[in-house]
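Asks: Following this message is one structure expressed as structure tokens.
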Amino acid sequence: MRKKVTTTLVLVAGLLGVAVPVLAALYLAHRQSMDAEVRLAMTMAEEVLRRADDVGDQAITAYRSLAEVDGFGPCSDADIERMRRLELQLSSIEVVGRVDGDRLICSSMGLPPGGIPLGPPLWTSSLDSRIRPAVDLGLGDGNQFLVLQKANFAVAVNPQVLLDSFEDRQDFSMGIVGYTSRKLMSGRGAFNELWLNRLGNEHSAVLFDGNHLVALRKSNTYDVAAFVAVPVALLRSRLYSFAKVLVPISLIPGALLCFGIFRLARHRASLASQLRAALKRREFSLHYQPIMELASGRIVGFEALMRWRNREGTRLRPDLFIPAAEDCGLIPQFTEYALECATREIPRLIAFCPGVFVSINLASSDLHSERTIDLLRNLLQTPGIKPENIVVEATEHSFLDPQRAGLIVAGIRALGIRVAIDDFGTGYCGLSHLTNLETDFLKIDKVFVEAAGTESATGQVALHIIRIAKTLGLKIIGEGVENEGQAAFLREHGVEFGQGWWFHAAMPLEKILKLPSGNSGAG
Ligand code: C2E
Ligand code: CA
Ligand code: CA
């Protein structure tokens, strides 16, 4: 079950490790390509509009010049000569002329008999300029001109002049439009007059209509707007080119992450299989650390502490392999193993030291499983082991689910086995949870024993713990006593029991059995 969960987690983490950076890269590529296209399209629209404004300015110059009365009549030779000079001065303008009705009666091209028909204007701008977007001036080359007329003056412009800066960008649609009329003055490619709705009161806008990304720019001076539209296919190809760079880069951290996860999972799996194999080979054993009655100095109990001596003969510390066993879900096997050893060895300890108790460490998951009660009940079936010979130790971490743990603790105590709260003060569990539990002993962690009586911040903690234990009617065991000062401190403050190297380190059973028997006695 646990393995399945781990495999699933590794798979999910692996997939996420690849998917998240790739998706992020694609999003980034999309943003980058869009941003780049928007910037480019807007710059081009600005340039197209600049050209259009320029044409407008030149047309006004021409109109003003034609309106001046210089003493010669309209369409006189001198007037035509003036128009020629004007047309040469005005770089964007091809023809300057005078209009009567819908006819160009004379112009910088001369005085054609009967004039040149222009046809009716297609619209009149909000500035009263009459616009004819495609007029054949009869030059014989079939060129269509954009003719702008104000009063009786007209200019003709080659509409391509507005767009010729971007001859090389035939893939973009672009043009100049009468803003009020919504009609095209000059343009190429796609155009949809609805695009202009987006401008509203603004002078520029960007929109995406599903087929094109469109940049719009409205003139500050004239009744015109410029547009540049980037087709969606072009956007996609730009996206691909960004993605081609970003996706492989994003795969590097993804791949590293997956590799890391895979290595971790393999390490876990190999640690789990090492621990399983070591259990099978019975490489673990129990050592026993005497617990002393502080007042009399007699041994009243032993804490069973697990030891691992592997095949290479290396001794490994339980605070390394017990947490690893917890991680790998192997605690049930370890607890069963410890209780098996205890079943064999405790009767010998009791025979040596009648009335002693042996304290067995339980892990957090043991306090959440009914099976622990069954195992302890079995232990009590062993001839020579009575309930008062057994204490179980549970750390504060075990009470993170206090209701569940409380039930198991009650079940254990119903067997007559006593319960100690281990490492008190180092966990995260609220004191209120612990006070609600029926327990028998409280073990003061060695960090507080070490600091007891010193000026440090933790120096006062031992005293608080002692006070709490007394209030709750619990017997106290001070752990990690390393010198007489610590032993005296505990004794003076009414702590009943002590355990630590000052008295004895943990030892194998055979060594315990060699201790002077006068050193021991019932608690
Ligand atoms: P613990 O329950 O707090 O055990 C006390 C630890 O303090 C033991 O470390 C012991 O050897 C050490 N100790 C004893 N006297 C002194 C002293 O005077 N000074 C100092 N500095 N240390 C002292 P050990 O044996 O390495 O065990 C470490 C932890 O591993 C234990 O902490 C316990 O949480 C866990 N553990 C050990 N055996 C078992 C077991 O069979 N089952 C479970 N679930 N956990 C176990
Ligand atoms: Ca312990
Ligand atoms: Ca402890």
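The values are calculated or read from the model by the stated rules, or taken from the named source; none is laboratory data. No experiment lies behind these values; they were computed from the predicted model shown. We place every Cβ from the backbone using ideal geometry, glycine too, and count neighbours over all the protein chains shown.
Asks: Kindly establish whether residue 261 is part of a strand (DSSP E or B) and more than 16 Å from ligand 2 (Cβ to nearest atom). If you could, list the steps in order and put the result at the bottom.
Replies: Details: part of a strand (DSSP E or B): no; more than 16 Å from ligand 2 (Cβ to nearest atom): yes.
It is false that residue 261 is part of a strand (DSSP E or B) and more than 16 Å from ligand 2 (Cβ to nearest atom).
Asks: Residue check: is residue 485 under 20 Å from residue 459 (Cα atoms) and surrounded by 20 or more Cβ atoms within 10 Å (Cβ to Cβ)?
Replies: Taking the combined requirement at face value, the residue does not satisfy it.
Asks: So which residues in the stretch 139-181 are at pLDDT 85 or above and farther than 26 Å from residue 229 by Cα?
Replies: Listed by number, the residues that qualify are 149, 150, 151, 152, 153, 154, 155, 156.
Asks: Moving to a separate point now. Can we say residue 431 is away from ligand 1 (no atom under 16 Å from the Cβ), in the same structural domain as residue 398 (by TED's automatic domain parsing) and at pLDDT below 85?
Replies: Criteria met by residue 431.
Asks: Restricting the stretch 467-494 to residues that are β-branched (Val, Ile, Thr) and within 16 Å of ligand 3 (Cβ to nearest atom), which is nearest to residue 435 (Cα to Cα)?
Replies: Top of the filtered list is 476.
Asks: Determine, yes or no, whether residue 377 is more than 16 Å from ligand 1 (Cβ to nearest atom), closer than 28 Å to residue 465 by Cα and either part of a helix (DSSP H, G or I) or touching a helix residue (DSSP H, G or I) at 6+ places or on another chain (Cβ under 8 Å) (or both).
Replies: no
Asks: Further question: Any idea how many residues of the stretch 476-495 are within 15 Å of ligand 2 (Cβ to nearest atom) and either modelled with pLDDT under 95 or not aliphatic (A, V, I, L, M) (or both)?
Replies: 3
Asks: Mind listing whichever residues of the stretch 298-331 are within 9 Å of ligand 1 (Cβ to nearest atom), assigned to a strand (DSSP E or B) and either hydrophobic (A, V, I, L, M, F, W, C) or closer than 26 Å to residue 264 by Cα (or both)?
Replies: Matches in the stretch 298-331: 304, 305, 306, 307.
Asks: Would you call residue 471 assigned to a helix (DSSP H, G or I), in the same structural domain as residue 305 (by TED's automatic domain parsing) and either at pLDDT 95 or above or farther than 20 Å from residue 359 by Cα (or both)?
Replies: yes
Asks: Could you check residue 343 against (1) among the polar types (S, T, N, Q); (2) within 16 Å of ligand 3 (Cβ to nearest atom); (3) assigned to a helix (DSSP H, G or I) and say which number it fails?
Replies: Status for residue 343: all satisfied but (2).
Asks: Would you pick out the residues in the stretch 187-244 that are assigned to a loop (DSSP other than H, G, I, E, B) and among the β-branched types (Val, Ile, Thr)?
Replies: Of everything in the stretch 187-244, just one residue is assigned to a loop (DSSP other than H, G, I, E, B) and among the β-branched types (Val, Ile, Thr), namely 221.
Asks: To continue, here is another question. Consider residue 155 carefully, then state whether it is free of Cβ contacts under 8 Å to residues at least 60 places away in the same chain and buried (at least 19 other Cβ atoms within 10 Å of the Cβ). If you could, list the steps in order and put the result at the bottom.
Replies: Details: free of Cβ contacts under 8 Å to residues at least 60 places away in the same chain: no; buried (at least 19 other Cβ atoms within 10 Å of the Cβ): yes.
No, not satisfied.
Asks: Right, another one. Exactly one condition in (1) surrounded by fewer than 17 Cβ atoms within 10 Å (Cβ to Cβ); (2) of a type outside the set (S, T, N, Q); (3) in contact with a helix residue (DSSP H, G or I) (Cβ under 9 Å, 6 or more places away or on another chain) is false for residue 267; which is it?
Replies: Looking at each condition in turn, residue 267 falls short on (3).
Asks: Sort out which residues of the stretch 392-424 are within 12 Å of ligand 1 (Cβ to nearest atom) and outside any helix (DSSP H, G or I), and write them in order of number.
Replies: Across the stretch 392-424, the qualifying residues are 392, 393, 394, 395, 420, 421, 422, 423, 424.
Asks: State all residues of the stretch 384-408 that are more than 12 Å from ligand 2 (Cβ to nearest atom), at pLDDT below 95 and closer than 17 Å to residue 357 by Cβ; if no residue qualifies, say none.
Replies: 384
Asks: So which of 294, 271 is in the same structural domain as residue 342 (by TED's automatic domain parsing) and closer than 30 Å to residue 443 by Cβ? Before you say what the answer is, go through the steps one by one.
Replies: Details: 271 fails: in the same structural domain as residue 342 (by TED's automatic domain parsing).
Result: 294 is the single residue among 294, 271 that is in the same structural domain as residue 342 (by TED's automatic domain parsing) and closer than 30 Å to residue 443 by Cβ.
Asks: Now for a separate question. Under 7 Å by Cβ, and 6 or more places apart or on different chains, what pairs join a residue from the stretch 443-465 that is of a type in the set (Asp, Glu) with one that is surrounded by fewer than 20 Cβ atoms within 10 Å (Cβ to Cβ) and at pLDDT below 90?
Replies: Cβ pairs passing all conditions: 445/423; 445/425; 445/426.
Yes or no, residue by residue, for (1) closer than 30 Å to residue 309 by Cα; (2) more than 16 Å from ligand 1 (Cβ to nearest atom); (3) surrounded by 13 or more Cβ atoms within 10 Å (Cβ to Cβ); (4) outside the structural domain of residue 341 (by TED's automatic domain parsing):
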| position | (1), (2), (3), (4) |
| --- | --- |
| 449 | yes, no, yes, no |
| 459 | no, yes, yes, no |
| 475 | no, yes, yes, no |
| 478 | yes, no, yes, no |
| 481 | yes, no, yes, no |
| 495 | no, no, yes, no |
| 507 | yes, no, yes, no |
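Asks: How many residues are within 16 Å of ligand 1 (Cβ to nearest atom) and either surrounded by fewer than 20 Cβ atoms within 10 Å (Cβ to Cβ) or free of Cβ contacts under 8 Å to residues at least 12 places away in the same chain (or both) when one looks only at the stretch 347-372?
Replies: Final tally of qualifying residues: 5.
Asks: Here is a further query. Identify the residue in the stretch 1-42 that is of a type in the set (Ser, Thr, Tyr) and under 30 Å from residue 206 (Cβ atoms) and, among all such residues, is modelled with the highest pLDDT.
Replies: Filtering first and then ranking leaves 27.
Asks: Look at residue 445 and say whether it is in contact with a Lys or Arg (Cβ under 8 Å, 6 or more places away or on another chain), modelled with pLDDT under 95, within 28 Å of residue 286 (Cβ to Cβ) and within 15 Å of ligand 3 (Cβ to nearest atom).
Replies: Criteria not met by residue 445.
Asks: Could I ask something else about it? Restricting attention to the stretch 375-417, and to residues there that are of a type in the set (A, V, I, L, M, F, W, C) and in contact with a Cys (Cβ under 7 Å, 6 or more places away or on another chain), which single residue is farthest from ligand 3 (Cβ to nearest atom)?
Replies: Taking the candidates together, the pick is 400.
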